[in-house]
1. Under 28 Å from the Cα of LYS330, which lysines turn up, not counting those fewer than eight places away in the same chain?
2. List the trypsin sites (Lys or Arg not before Pro) in the stretch 399-497 that DSSP assigns to loop (not H, G, I, E or B) and whose Cβ has at most 14 other Cβ atoms within 10 Å. Which are they?
3. Counting other beta carbons within 10 Å of each Cβ, put CYS324, CYS305 in order, fewest first.
4. Is the stretch 216-275 rounded, prolate or oblate when judged by the Cα gyration tensor, a ≥ b ≥ c being the square roots of its eigenvalues, rounded requiring a/c under 1.5 and prolate requiring a/b larger than b/c?
5. Please arrange ILE297, ILE152 by how many other C-beta atoms lie within 10 Å of their C-beta, fewest to most.
6. Out of residues 5 or more away from LEU221 or on other chains, whose amide H comes under 5 Å of its own, with H placed 1.01 Å from N in the peptide plane?
7. If each DSSP helix of 4+ residues adds -39,500 (n - 2.57) and the sum is divided by the residues in the chain, what number results at 222 nm, nearest 500 deg cm²/dmol?
8. For the stretch 132-281, restrict the atom set to alpha-carbon positions and state the Rg and Dmax in Å.
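Here, each number is a calculation from the coordinates, and none is a lab measurement. Bear in mind that the values here come from a model prediction, so they are computed numbers and not experimental data. Ideal geometry is used to build each Cβ from the backbone, glycine not excepted, and the neighbour counts take in all protein chains shown.
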Amino acid sequence: MRTTLAGVRARGRRWIVGAAVAAIGSAGLVALPAPAQSAPAVPSISQVKAEGSYLVDALGRKVLLHGVNNVDKQAPYVEPGDGFTLTDADAALLAGHGFNTVRLGVSFDGLMPTRGVVDTAYLDRIGTVIDTLAAHGIYTLLDHHQDGLSKIWGGNGFPEWSLKSRPPVWEPNPGFPLYYLMPSMNRGWDEVWDNSNGVLDYLGQALAALAARTNGRAGVLGIELMNEPWPGSAFHTCFPNGCPGFDAKYQAAMQKLTDAVRARNTGIPVFWEPNVTWNETMPTNLGKNPPITSPDIVFAPHDYCIPSQLAIYLGLPEELRGVCPVQQDKTWGNIDAFARRTGIPTLVTEFGDGDATVLRNTLVRADERFIGWQYWHYASSFGPGGPKPDPFLGDIGRDLVRTYPRATAGTPGRLVFDSATGDFAYRYTPRALAAPTEIYVSDRHYPNGYEIRVDGGKVTSPPGARVVTVEGTGSAPVTVYINRPGSAGAKVPTGPVSGG
């Protein structure tokens, strides 16, 4: 499910798809009419950990992540310079727009093309991309990515040697996404969850090798154990209210893989995604029986509007998009319920839609909850044939490129950003740490500079800084306002952060 930003070479279908001012003191206001816009300073990157319901850097600051996916589904996978995989120029472009994370697709088929044998050259290419992104202050989430289980069914992910199930010659294959209903594919998924032929053991070995190779790289955000896992023959039990029986079995599989990864890299965060009926608004039962007790586990849901995707992929009426707010409210209600039950952090690792309103629904709901995200999808703008136009200069980019607090020295409060006007407001409770709060100021929204006001704190960055740094002047909440000159600005809602 996902659509792409401009200029992406097809890699297979997915599930239904100015600056500146110094305001010193507890309150200040300065506007520059046409300032030179400086590039954002490259942040020193440190290993991020899960701490309570937040992701936290080595300095104790609460980290908010905004980024993109880069998932190559065709062998040989992750080839810098091929026009798809990210390059140094791509990293500079992304960092310049304020993005600080990339979800990089990693294939089991690529990690272990032969039973029991890990492709070390593939690991080297992955490491090159991680280091390239880290040099620009961008964290990499390593996403074990599958769609349609295996190329046995026209999908990608699991190597053919790892599964015994095959479609009989008489079984029709309707293609994405309906091939998930094929009996033979469901038997293949049952092999995964039953660990038939040792398939989960081999996957654990492959992911453990990935974890070992990336051990010590601060730019690694973590490993996501599996993209959009399908329940197999148990899928019908997931409707209409979720499937606790399957989810208990699925959680055991996630724990098995987590243990394999942690045996080779004890400190790496591990990301668990709910089974993919989540995308049809089915709640997850992860963490119910048993509770999630392993440290540094992060929840990795997606947010798509199925009616909109049906209109995009199957040609159904565009009017279906009218129910998207209802579906997305249900999805975010499920996120809230999970957060209350488990208390672990959430990162929305996929979202994006051809409908700008659907996209905006995700971004606003994420801001309300201080939850980060990774947009689907971005492929290299640099490669054979020369650079392509910057895809973030279009309408979608105007929503994705945002003013936001990428690191908070304290406890986050309410956050508001209006992508139409550039009005931004953020309240947090300060804490004395070795580094200040950092707010990336959008390079898309302030053509004539911006104004900034801080209540309860002071700006410590120089005029013209793309990243504003703020320190509290006491223990009272700090509120930061950024807007275009002459704008009335945004108001911070009262009350605590929404959701979980």
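1. Qualifying lysines at Cα under 28 Å: LYS62, LYS249, LYS288, LYS491.
2. Here the sparse-neighbourhood loop sites are LYS491.
3. Result, fewest neighbours first: CYS324, CYS305.
4. Prolate shape, in that a/c is at least 1.5 and a/b is the bigger ratio.
5. Listing ILE297, ILE152 from fewest to most nearby Cβ atoms yields ILE152, ILE297.
6. THR140, LEU141, LEU142
7. -8000 deg cm²/dmol
8. Rg and Dmax of the stretch 132-281, Cα atoms, are 16.3, 52 Å.
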